[in-house]
Every structure is written in C-alpha cells, then in structure tokens.
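Engineer: Just dropping this structure here.
The values are calculated or read from the model by the stated rules, or taken from the named source; none is laboratory data. These numbers come from a predicted model, not from an experiment. Reconstructed Cβ throughout: ideal geometry from the backbone, glycine too, with neighbour counts over all protein chains shown.
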Amino acid sequence: MKSAAFQYSRPETVAEAVALLTAAEGSAMPISGGQSLLILMALRMTMIDRLVDISRLPELRELRDDRSDVFIGASTTHAMIEDGKIPDPSTGLMSRVASRIAYRAIRNLGTIGGSMALADPSADWPACLIALDAEVSIAGPDGQRWEKAEDFVSGAYETILLPGEIVLGFRIARRQSMRWGTAKVSRKSGAFADSMAVFVEAAGDGLPRAALTGTTSHARILPRVGKYAQNRSILDPGDLRAAILDDLAEIVPDADAYQLRCHVATVSRAITDARAS
C-alpha cells in the first residue's frame, strides 16, 4: 500500500517546528529517522495531513558532556550510539542496547528520540533509559520542560507529549562504579523483543533499577526486584524468581506461561550479567 497524500515541511528551528505542529491541531506528526512512522503511514494505520521533518535541526543533534551528566540529542541515531560516537554515561550499556536493535540499515536512520516518542511496548530504548533514570527534555508552545523517562511513556504507543511538543533529548547522570546487564528474547534476529530486561546498579545510588519491556503496555520498573537485589552480593534463584513474579503479577497480570517464562529469564539473566562484570 501507499500512504495517503500529505504535506511536507522542513523547519529550520525547533521553534518553527513547534509552531507548525501546534497550528496543525493534531493532524501533523514530526519525523526524524522515519523507520516506524513511514511504515505505519504506508499501511494507513496512521493518517496525517502534514509531516514536519525535524531530522536536521541542530538542537536535536546536540551532544553535551558536563562531567556529572551527559545530554544526548533526540536525533542521535542508534548506529551513532552503537559505534561509540557519543559521550557515554552508561559505561557501555547504551552501545550494547543499540547494537541489538533491528538491523544495521535501520540503526543508521532510526533515532533514540523517535523510539521514545513512538513508545512501542517492545522498543529497546524506553527500558534502557528508564533503568538509567534518564530525564527527557521536551520543547513545546509553552517552552521547555523536563520529565523523568519513567513517567514519559504512559502506555502502549502513548506518551505524556502534549499537542505541539517534541522531544529534544535526554539527560543521563554519570554514576560511580556502575554495573549493568541486559538480556533480550526475540522470535528472530532483528525482531522486536518478546521480552527485554535492563538492570543497573551503582555504588551509593539507592535501589538497583530493573526495567522490563515486551509487555502489553510499556516499559516498567520492577520495584520488588530492585529491593531484593539491594545489598545482596549473592542472590537466591528461588527468592529472585518470587520477586520477579510478584512484579509481573502487577505489571502484566494477563501474561501467559510463555510470556512469564521469557520475562523471568530476561530479568534473571540481566542481573547475572551485571553481577558478572
């Protein structure tokens, strides 16, 4: 199929992009990499009147290292992160996550901001950024605001973005002695995850953070898993499984046996991966 007819705009500034999106009153969409949106348009699952191309806006390509934290612009591609072309506050976690997204051709164009804004329930970046306790910079008609990544995605393909708003980028704190692990289950190479877990812990940084994606809703923190892992150098497999299942009962209450098996496996492997580093 082919998409329905639409208008195309390429603004030169974020302010101009926000104005175009605001004026469209919900009938326009921003596009950067286009690796998801163009497919949805071609299948006519998404119908819009105007595409606002934000791929070349310099504000969305900014990379800034302030020692205590790193800012990564929304138009940063998966491939740039995979290849280590950004300041890395995650000691390699983000590169690992990026390298497992789809295929290289998609990683060359797909962006971290686009992945978060689409909020696919099986996307990799929401779980990673939530585990890293990242903050999201958002530009809109009323100026700029910051939100926690954990609060940004509110459901399947749903975010807290208001009409006219776009994601500018992400701020991620550097942490001392950070350990991390990640595990992913997909039905075939390059496919969206049936389950993906990211586990992050750092000295003196409170509870470890375990995030899970591949649910029917959106990436979520597993609070019981984090609490169980805190201050335990050796984890009992049975107790860990019980903590995971307690979190899953709240996050994915309708999960079938296959989904539960996948989620328990990815979370357990992510923690094992972190503790082995």
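Engineer: Under the condition of being more than 21 Å from GLN230 (Cα to Cα) and touching a Phe, Trp or Tyr at 6+ places or on another chain (Cβ under 9 Å), which residue from segment 179-211 is surrounded by the fewest Cβ atoms within 10 Å (Cβ to Cβ)?
Structural biologist: SER189
Engineer: Looking at ASP133, ASP124, ASP151, which one is among the charged types (D, E, K, R), within 17 Å of ALA98 (Cβ to Cβ) and touching a strand residue (DSSP E or B) at 6+ places or on another chain (Cβ under 9 Å)?
Structural biologist: ASP124
Engineer: List every residue pair whose Cβ atoms sit under 9 Å apart, with the two residues 6 or more apart in sequence or on different chains, where the first one lies in segment 37-54 and is in contact (Cβ under 8 Å) with a residue 60 or more places away in the chain and the second, anywhere, is part of a helix (DSSP H, G or I).
Structural biologist: Listed pairs, sorted by first residue: LEU37/GLY114; LEU37/LEU118; ILE54/VAL14; ILE54/ALA17; ILE54/LEU60; ILE54/GLY113.
Engineer: Out of the residues in segment 132-178 meeting the condition of being in a loop (DSSP other than H, G, I, E, B) and at positive phi, tell me which one is surrounded by the fewest Cβ atoms within 10 Å (Cβ to Cβ).
Structural biologist: This residue is SER177.
Engineer: Could you tell me whether any residue of segment 239-248 is of a type in the set (Val, Ile, Thr) and under 22 Å from the mean Cα position of the chain (by Cα)?
Structural biologist: Scanning segment 239-248 turns up at least one residue that is of a type in the set (Val, Ile, Thr) and under 22 Å from the mean Cα position of the chain (by Cα).
Engineer: Let me ask you something else. May I ask you to verify whether THR91 is of a type in the set (S, T, N, Q), surrounded by 14 or more Cβ atoms within 10 Å (Cβ to Cβ) and at negative phi?
Structural biologist: So THR91 does not fit the description; no.
Engineer: Can you tell me which residue within segment 212-264, out of those that are touching a Pro at 6+ places or on another chain (Cβ under 8 Å) and outside any helix (DSSP H, G or I), is surrounded by the fewest Cβ atoms within 10 Å (Cβ to Cβ)?
Structural biologist: GLN230
Engineer: Give, as residue ranges, the strands (runs of 3 or more DSSP E) completely inside segment 4-67 that count at least 2 residues that are within 20 Å of the chain's Cα centre (by Cα).
Structural biologist: Filter on segment 4-67 gives 28-31, 63-65.
A quick yes/no check of all residues on (1) hydroxyl-bearing (Ser, Thr, Tyr); (2) more than 23 Å from ARG171 (Cα to Cα):
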position: TYR8; (1), (2): yes, yes
position: ALA24; (1), (2): no, yes
position: GLU59; (1), (2): no, no
position: ARG67; (1), (2): no, no
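Engineer: Could you list, in sequence order, the residues of segment 179-211 that are aliphatic (A, V, I, L, M) and either in a strand (DSSP E or B) or under 17 Å from GLU150 (Cα atoms) (or both)?
Structural biologist: Answer for segment 179-211, where residues must be aliphatic (A, V, I, L, M) and either in a strand (DSSP E or B) or under 17 Å from GLU150 (Cα atoms) (or both): ALA183, VAL185, MET196, ALA197, VAL198, VAL200, LEU207, ALA210, ALA211.
Engineer: Quick one: would you say ASP65 is buried (at least 16 other Cβ atoms within 10 Å of the Cβ), outside the structural domain of ALA15 (by TED's automatic domain parsing) and in contact (Cβ under 8 Å) with a residue 12 or more places away in the chain?
Structural biologist: no
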